[in-house]
1. Of all residues in region 34-53, count the ones that are surrounded by fewer than 18 Cβ atoms within 10 Å (Cβ to Cβ), within 25 Å of residue 15 (Cα to Cα) and touching a strand residue (DSSP E or B) at 6+ places or on another chain (Cβ under 7 Å).
2. Taking the condition of being in contact with a helix residue (DSSP H, G or I) (Cβ under 7 Å, 6 or more places away or on another chain) and under 17 Å from residue 57 (Cβ atoms), how many residues in region 22-34 meet it?
3. For residues in region 34-53 being part of a strand (DSSP E or B) and in contact (Cβ under 8 Å) with a residue 40 or more places away in the chain, which is farthest from residue 84 (Cα to Cα)?
4. Quick one: residue 63 ticks every box in (1) within 14 Å of the chain's Cα centre (by Cα); (2) under 18 Å from residue 25 (Cβ atoms) bar one, so which box is it?
5. List, please: which pairs have Cβ atoms under 6 Å, are six or more places apart or on different chains, and start with a residue in region 11-30 that is at negative phi and end with one that is outside any helix (DSSP H, G or I) and surrounded by 13 or more Cβ atoms within 10 Å (Cβ to Cβ)?
6. I'd like to know if region 8-30 contains one or more residues that are under 18 Å from residue 82 (Cβ atoms), outside any loop (DSSP other than H, G, I, E, B) and in contact with a strand residue (DSSP E or B) (Cβ under 8 Å, 6 or more places away or on another chain).
7. Would you point out which residue out of 66, 76, 56, 90 is surrounded by 12 or more Cβ atoms within 10 Å (Cβ to Cβ), outside any helix (DSSP H, G or I) and out of contact with any helix residue (DSSP H, G or I) (no Cβ under 6 Å at 6 or more places or on another chain)?
């Protein structure tokens, strides 16, 4: 599986964390069992405090699969999916 970094941003006045219907739905997307059913492995996620910016590190078969699975985040803001490498891979090949 390939490694990807997904970035989601949304406006503070439309933060889905405070939406009683949207927040639980988005959390379900970030659950390991649900991602596994879609053929993905969630490595980790983090939200930058006060910035309304979510980072997700995920392994999947291809960018399209990751983009499709995380697609609901694009409904409440932006979503970028970027192919990535671990630091170990970068060091072993000698370049980013």
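1. 6
2. 3
3. 53
4. (2)
5. Correct list of pairs: 12/52; 15/52; 16/76; 30/45.
6. Yes, region 8-30 contains at least one residue that is under 18 Å from residue 82 (Cβ atoms), outside any loop (DSSP other than H, G, I, E, B) and in contact with a strand residue (DSSP E or B) (Cβ under 8 Å, 6 or more places away or on another chain).
7. Matching residue, one of 66, 76, 56, 90: 56.
Read-outs throughout are calculated quantities, based only on the coordinates presented, and are distinct from any laboratory measurement. Just so it is clear, the structure is predicted and the values come from calculations on it, not from any experiment. Positions of Cβ are backbone-derived with ideal geometry, glycine not excepted, and every protein chain shown enters the neighbour counts.
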